[in-house]
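The values are calculated or read from the model by the stated rules, or taken from the named source; none is laboratory data. All of these numbers come straight from a predicted model, not from anything done at the bench. Positions of Cβ are generated from backbone atoms using ideal geometry, with glycine treated the same way; all protein chains shown enter the neighbour counts. Only protein heavy atoms, including side chains, enter the accessible area calculation; ligands, DNA and RNA are left aside. Shrake-Rupley method; radii C 1.70, N 1.55, O 1.52, S 1.80 Å.
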Amino acid sequence: MGRWVDVCATTEVDEEDLISVEFEGHDYAIYHDEDGEFFATDAHCTHEKVNLCDGFVEGEIIECPKHNGRFNFKTGEGLGSPVCIDLKTYPCKVENERVFIELVEV
Amino acid sequence: MTHVVIIGASLTGTSCAQQLVQSDSDVRVTLISDELDVAYDRPPLSKSLKLGAALPRVDLDPQAHLKSANITVLAGAPAKSIDIANKKVDVDGNLVSYDKLVIATGARARTLPAFEIAGAPIVTLRSLADAKIIQERLESKTAPRVGIVGGGFIGLELASALSESCQVNLFEAQANLLSRVLPKEISGRVADRHAEANVSIHLSAEIEEIEGDSDSVRLTLADGQNFEFDLVVLGVGAVPNDEIAGQAGLTIDNGIAVDETLRAKDDVYAGGDCCSFPLALTGSRVRLESWRNAQEQGLHIANQIVSGEHSAFDGMPWFWSDQYDLGLQMAGWPNSNSQQVIRDMGETLLCFELDPDSKLSAVSGIGPGNSVAKDIKVCERLMAAGRILSAQELADPAVKLKKLLKG
């Protein structure tokens with residue numbers, strides 16, 4: 001079991017958009033999809049460590065703001081060149097209009 | 001088994017090779033590079049070169065696809081000629097046969113005859129080896145003085161990267177920086193940021209005299225100003241490496257002329273900085289020096305070879321530059337009749353080029369970090385969809401661009 005961490009308010013993330021939040025020195029990307037659901041991944045593109053928070057969200061795809069790398073932010077799957085490595089995802093839930101992500105200690 | 005020979009192991013060649021072996025196990029690739037170091041990314045060379053630090057080498061093949069059994073890399077082996085009729089490439093004296101040929105020879109930095117002074121520290125920046133020469137030369141001086149000739153992206157990025165450790169003077173012949181590619185509202189912000197970092201930018205600079213020896217280079221401007229530098233870097237554009245293609249009888253027109261599928265001839269493709277192609281957006285023939293174009297054309301060629309079917313390349317021109325904490329992005333292709341519309345959001349600024357028929361033809365933006373990326377991406381969609389837009393809405397920061405895409 002991991003611990004659930006409060007990372008932001010639901011109102012901080014526009015629909016079909018994302019923000020980057022920092023927790024204990026690590027950056028996480030929090031997504032708000034068109035259906036109002038929230039998702040979380042690592043914030044940095046696996047390709048050249050660019051923060052995805054300035055990237056473009058369309059459907060369930062996040063596109064890196066620099067090199068066009070695309071990921072499915074719900075599964076973390078990298079979608080073709082130049083992305084070779086999948087993005088790590090985290091369980092995410094909403095309680096009392098706050099967004100929580102689950103972190104598992106290694 | 002299809003044997004694909006790729007000449008050039010930079011972004012286009014590497015992307016093409018990776019895509020080929022990842023999508024088809026029945027293909028064998030020979031990747032030829034005149035450089036010893038292959039598959040490194042070029043943008044960091046001007047954007048991130050620092051003194052007293054490691055060279056900014058970013059690997060284009062972190063997963064080591066080029067080490068797969070289906071790829072042979074011939075590094076430090078220049079392709080000397082192509083025999084199209086017999087489908088062979090002369091690689092440093094050895095003949096290599098191909099079924100499909102991909103020419104991805106890129107471009108090289110332009111030089112100027114007046115700056116060709118034997119033994120003087122005057123260089124260009126294109127390769128990792130060039131970056132190493134610049135770094136070593138400047139690291140050998142206590143208060144290095146650098147002169148940069150040319151206010152294009154390479155020169156400006158290098159000025160920004162070196163500004164903390166060197167005294168930098170930059171000379172531009174035009175009255176504005178980047179005047180051919182950016183509106184003055186944006187280039188003005190670039191100039192201001194350089195001034196803040198104590199980079200001296202000389203606009204409308206006319207260099208009258210150049211003298212040099214192994215120790216330094218002296219420049220005199222037409223207005224009488226004198227400068228002495230430990231190193232001069234020329235950033236005056238690039239020329240396509242199209243000579244071996246031309247000698248092989250392929251058509252040259254501002255680079256190797258390819259059709260909309262990136263074919264120069266049957267079984268011969270060219271992609272990236274070395275080729276000119278009909279731009280899907282406008283139909284006009286262009287040659288792009290752009291990271292994304294180089295990558296996408298490499299992939300497009302590979303996909304056609306794998307599928308055996310030809311399709312038109314429809315990539316969108318897109319460019320970026322990083323200077324200090326600022327990021328610039330541009331997309332599309334400006335039309336000479338377009339109207340400029342500015343959206344000023346304080347720290348970030350967007351400039352739209354609106355056609356007479358109210359469609360967006362190009363956009364450029366500047367802001368901290370990657371802050372303009374989302375808006376530029378939305379604009380790419382607006383252009384691809386051919387949306388009719390109003391100048392008033394585009395200028396109004398309260399109107400979300402994503403809304404215009406949906407509306």
For residue B:402, list the lysines whose Cα falls under 17 Å from its own Cα; do not include residues on the same chain fewer than 8 positions away.
-> B:359, B:374, B:377
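Assuming R0 = 30 Å, what is the FRET efficiency of residue A:12 and residue B:59, from their Cβ-Cβ distance, to the nearest 0.05? Could you put the intermediate results ahead of the total?
Details: r = 36 Å, r/R0 = 1.19.
Plugging the Cβ-Cβ distance into 1/(1 + (r/R0)^6) gives 0.25.
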HN-Hα couplings for segment B:239-256 via Karplus (6.51, -1.76, 1.60; θ = phi - 60°), in whole Hz with x for Gly/Pro, come out as 10, x, 7, 10, 4, 5, 5, x, 5, 7, x, 6, 6, 10, 8, 6, x, 6
For the pair A and B, how large is the buried accessible area, both sides, in square angstrom to the nearest 100, if the probe is 1.4 Å?
-> 2000
Shielding by partners - mean other protein chain Cβ count within 10 Å, residues of B:374-383 | 3
In nm, the gap between the two label points placed 7 Å beyond Cα toward Cβ at residue B:309 and residue B:206 is 5.9
Kindly provide the pair-distance distribution of segment B:1-46 built from C-alpha pairs, with 5 Å bins from 0 and whole-percent values in order of increasing distance.
-> 5, 22, 28, 21, 13, 7, 3, 1, 0
State the percentage of accessible surface on segment B:111-234 attributable to carbon and sulfur atoms; use a 1.4 Å probe and exclude ligands, DNA and RNA.
-> 45
Shielding of B:397-406 by partners, i.e. mean partner chain Cβ atoms within 10 Å per residue?
-> 1
Hydrodynamic radius by Kirkwood for segment A:3-103, inverse mean 1/r across distinct Cα pairs, in Å, is 13.2
Mean projection area, nm², convex hull over Cα of segment B:316-399 | 5.0
Accessible area per residue, 1.4 Å probe, Å², for the protein assembly as shown: what's the number?
-> 43
Protein accessible area in segment B:327-406, 1.4 Å probe - carbon and sulfur % | 50
What translational diffusion coefficient, in µm²/s and rounded to a whole number, does the Stokes-Einstein relation yield for segment B:111-234 at 10 °C and a viscosity of 1.306 mPa s, taking the hydrodynamic radius as the Kirkwood radius over Cα pairs?
-> 108
Karplus couplings for segment B:271-281 from phi (6.51 cos²θ - 1.76 cosθ + 1.60, θ = phi - 60°), rounded to Hz, Gly and Pro as x?
-> x, x, 4, 7, 10, 10, 8, x, 6, 4, 4
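Which of the GluC sites (Glu not before Pro) found in segment B:279-348 are loop residues per DSSP with 14 or fewer other Cβ atoms within 10 Å of their Cβ?
On the way: sites: B:289, B:296, B:309, B:347; in loops: B:289, B:309, B:347.
Qualifying residues, ordered by number: B:309, B:347.
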Between residue B:202 and residues 5 or more places away or on another chain, which pairs have amide H atoms under 5 Å apart, with H built 1.01 Å from N, and which residues are they?
-> B:170, B:171, B:172
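When the helices in chain B are scored as -39500 (n - 2.57) per DSSP H run of 4 or longer and the sum is shared across all residues, what 222 nm value do you end up with, to the nearest 500 deg cm²/dmol?
Working: 10 runs with 99 residues, N = 407.
Computed ellipticity for chain B at 222 nm equals -7000 deg cm²/dmol.
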Residues of segment A:42-62 losing 30 Å² or more of accessible area relative to the isolated chain, 1.4 Å probe, heavy atoms only?
-> A:48, A:54, A:56, A:58
Over chain B, with a single point scatterer placed on each C-alpha, what log10 of the ratio I(q)/I(0) does the Debye formula yield at q = 0.09, 0.13 1/Å?
-> -0.60, -1.18
Set the Förster distance to 35 Å, then compute FRET efficiency between residue B:174 and residue B:137 from the Cβ-Cβ distance, nearest 0.05.
-> 0.80
Over all distinct alpha-carbon pairs, what is the Kirkwood Rh of segment B:76-173 in angstrom?
-> 16.6
Would you mind checking segment B:301-330 for residues with the amide N under 19 Å from a putative spin-label position 7 Å along Cα→C-beta of residue B:286?
-> B:301, B:312-322, B:328-330
In a Debye calculation with equal point scatterers on the alpha-carbon sites of segment B:215-332 and no solvent, what is log10 I(q)/I(0) at q = 0.11, 0.22, 0.23 Å⁻¹?
-> -0.52, -1.21, -1.29
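From the P(r) of the protein assembly as shown, can you give the percent of Cα pairs sitting at distances over 32 Å? Walk me through the numbers on the way to the answer.
Working: 63380 of 131328 pairs.
The answer is 48 percent, as a whole percent.
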Ignoring ligands, DNA and RNA, how do B:319, B:277 rank by accessible area with a 1.4 Å probe, largest first?
-> B:319, B:277
About its Cα centre, what dipole magnitude does chain B give when the only charges are +1 on Lys and Arg Cβ and -1 on Asp and Glu Cβ, stated in debye to the nearest 20?
-> 1080
To the nearest whole number, what is the average tally of beta carbon atoms from other chains within 10 Å of the beta carbons of peptide A:65-74?
-> 3
